[in-house]
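Participant: Pasting a structure here, questions to come.
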Amino acid sequence: MKKIEILWVDDEIDLLKAHVLFLEQKNYHTTTCTNGIDAIDLVSKNNFDIVFLDEHMPGMTGLETLTEIKQLQPNLPVIMITKSEEEAIMEEAIGSKIADYLIKPVNPHQILLSLKKNLDHSKLVSVKTTSTYQQEFRKISMDLALVNSYQGWIDVYKKLTHWELLLEQIDDSAMLGILEGQKAEANNLFFKFIKQNYADFLTDKEGPVFSHQLLKEYAFPSLSKENGTLLVVIDNLRYDQFRVLEPLFANFYKKQIEHSYFSILPSATQYARNAIFSGLMPSDMEKKFPNYWKNDTDEGGKNLFENEFLTAQIKRLNLNISHQYFKITNLKNGKELADNYQATKQNDLTVVVYNFVDMLSHAKTEMDLIKELSGDDKAYRSLTASWFQNSPLFEIIQKAQKLGQQLIITTDHGTINCKRPSKVIGDRDASSNLRYKTGRSLTYNAKDVYAVKDPKEISLPSSAMNSSYIFAKEDVFLAYQNNYNHYVKYYKNTYQHGGISLEELIIPFAIYSPK
């Protein structure tokens, strides 16, 4: 085994011979020097794995030496060792991106621990993560065999997402393959659970919170009257994407509470998001607001009256709330709101609907470049995080924090990577969505869908006499018989929504207070 190469810089290096001998026995080779100038020369001529650097030395200080070393090799880990516990020195060292900070006197085991933490960290984390998931795999498998409640499914989905995010960090393809199999099994059982219970849950007071209940149950009771609340609805945001976005605004906001709620069916924008803002199921929206509601086959935009729906819900609940609504569909709109966000400080509630993630999923279908950039869930999450970090939405959230506003983050539904086609036959008036269909004469594989003959049973409108709905299970997408092979090739491995999967239906709602 190749020895790890250490450079140890200390003007009293002779007093540390015992430490050097100890490290040699552990297969570490140590080069020593007594001053910053020699250290910089050695770094320029050798490939060290790590540097131990004393802060108090005659001539160049440790911090001055650190600056020169980082200019030569920015990624070389440097561990600062000092007699001083002055906070200013610690802060300057940490600001210079040191790998660790040790206070003299140090013992050999402290040194060894720091080495392992910095050089063997990835390997140790990988072994531990794999070992722990192997144990957790059995627990999750038992949970899947026994889960029989909506809360149980929320817990299972969160566990699976937690392990997916951990395993992808260590890049263990074998373990990720096992997890993928476990997720597929979970989605199969979840589909059966929803198929059996969905209609009853809609009328069950003990059931999950659904889209149309979200604002009434979670948002309105939590509004901050003191400085106002920013409610951000990021369209089509899955729980795993939410998890990778959250650390990005952790410097500005602290999470107070997180809920998981269920999207209504179809888990599609025109149904789920209209339900959020109206506080009504689609069949009630059609009856009470016929000018605002549009069915799948109707011409025109399907989400054009969200602010009107929201205003009507606030009035219906007799809430004394001043609110303002913004829908961001392009970069220009986002920048304009970010630039003028100060004007919202008088609102009790500022609502921002941000459509980028939904556009991203559609772009993956339409554009070869996006297909390559988001070929799987890991890449899709990464692309979402990259967008958010550089988006006007991130700037809006930071400005809300400066105004002292409370922050609520949620979404209307999730999405799933569709991999298996299922053939459907319908008349020309049937809808075109790939994860659900509605129409009068649908022929389909009953094993692949949850079929609802009477839409009234689940509070959905009928687009025509005798129309029904079908919802695709797991990662199935529905393709019409005409041009079947073309559509299968075109839509396979694209992100779609409207059907039944953990990713589409179980979605986050979180409340944050400004730091």
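Participant: How large is the charge dipole for the chain, taken about the Cα centre, if only the Cβ atoms of Lys, Arg (+1) and Asp, Glu (-1) carry charge, to the nearest 20 debye? Display every interim value, and only then the final one.
Facilitator: On the way: 58 positive and 65 negative charges, 404 e Å.
With only Lys, Arg, Asp and Glu charged at Cβ, the dipole is about 1940 debye.
Participant: If you average the sequence gap of Cα pairs under 8 Å that are 6 or more apart and divide by the length of the chain, what percent do you get for the contact order?
Facilitator: Working: 860 pairs, mean separation 83.7, N = 515.
Averaging sequence separation for qualifying contacts and normalising by length gives 16 percent for the chain.
Participant: Viscosity 0.890 mPa s, temperature 25 °C: give me the Stokes-Einstein translational D for the range 176-292 in µm²/s, with Rh taken as the Kirkwood radius over C-alpha pairs.
Facilitator: D = 146 µm²/s.
Participant: Looking at the chain, send over the antiparallel percent of its DSSP beta bridges, to the nearest 5. Provide the component values of the computation, followed by the final result.
Facilitator: Working: 26 of 68 bridges.
Antiparallel bridges make up about 40 percent of those DSSP assigns within the chain.
Participant: Tell me, what is the Rg over Rh of the range 127-180, with Rh the Kirkwood radius over Cα pairs?
Facilitator: Value, to two decimals: 0.99.
Participant: As an exercise, identify the chymotrypsin sites (Phe, Trp or Tyr not before Pro) in the range 205-257 lying in DSSP coil whose Cβ has no more than 11 other Cβ atoms within 10 Å.
Facilitator: none
Participant: While we're looking at this one, here's another question. Of Lys327/Lys492; Lys2/Lys104; Lys399/Lys515, which ones are farther than 22 Å apart at the Cα?
Facilitator: Table pairs above 22 Å Cα-Cα are Lys327/Lys492; Lys2/Lys104.
Participant: In whole Hz, with x marking every Gly and Pro, tabulate ³J(HN,Hα) for the range 488-502 from phi via Karplus 6.51 cos²θ - 1.76 cosθ + 1.60, θ = phi - 60°.
Facilitator: Taking θ as phi minus 60°, the curve returns 4, 5, 6, 9, 5, 6, 10, 8, 10, 8, x, x, 10, 7, 4 Hz for the range 488-502.
Participant: List every residue whose amide H lies under 5 Å from the amide H of Val209, counting only residues 5 or more places away in sequence or on a different chain, with H placed 1.01 Å from N in the peptide plane.
Facilitator: Correct list: Phe262.
Participant: Which angle from 0 to 90°, rounded to the nearest 10, does the C-alpha axis of helix 121-146 make with the longest principal axis of the chain?
Facilitator: Its long axis makes an angle of about 30 degrees.
Participant: Same structure, new question: Packing-wise, with mean Cβ within 10 Å as the measure, how do 197-206, 411-420 rank, highest first?
Facilitator: Output ranking for 197-206, 411-420: 411-420, 197-206.
Participant: Sticking with this structure for a sec: May I ask you to list the lysines whose Cα is less than 16 Å away from that of Lys192, ignoring any residue fewer than eight positions away on the same chain?
Facilitator: Lys183, Lys447, Lys473
Participant: Here is a follow-up. Please list the radius of gyration and Dmax for the chain, considering alpha-carbon atoms only, with Å as the unit.
Facilitator: According to the Cα coordinates of the chain, Rg and Dmax are 28.2, 92 Å.
Values quoted throughout were computed directly from the atomic coordinates according to the rules given, and no laboratory measurement underlies them. These numbers were taken from a predicted model, which means no experiment stands behind them. Neighbour counts are summed over all protein chains in view; Cβ atoms, including those assigned to glycine, are modelled from backbone coordinates with ideal geometry.
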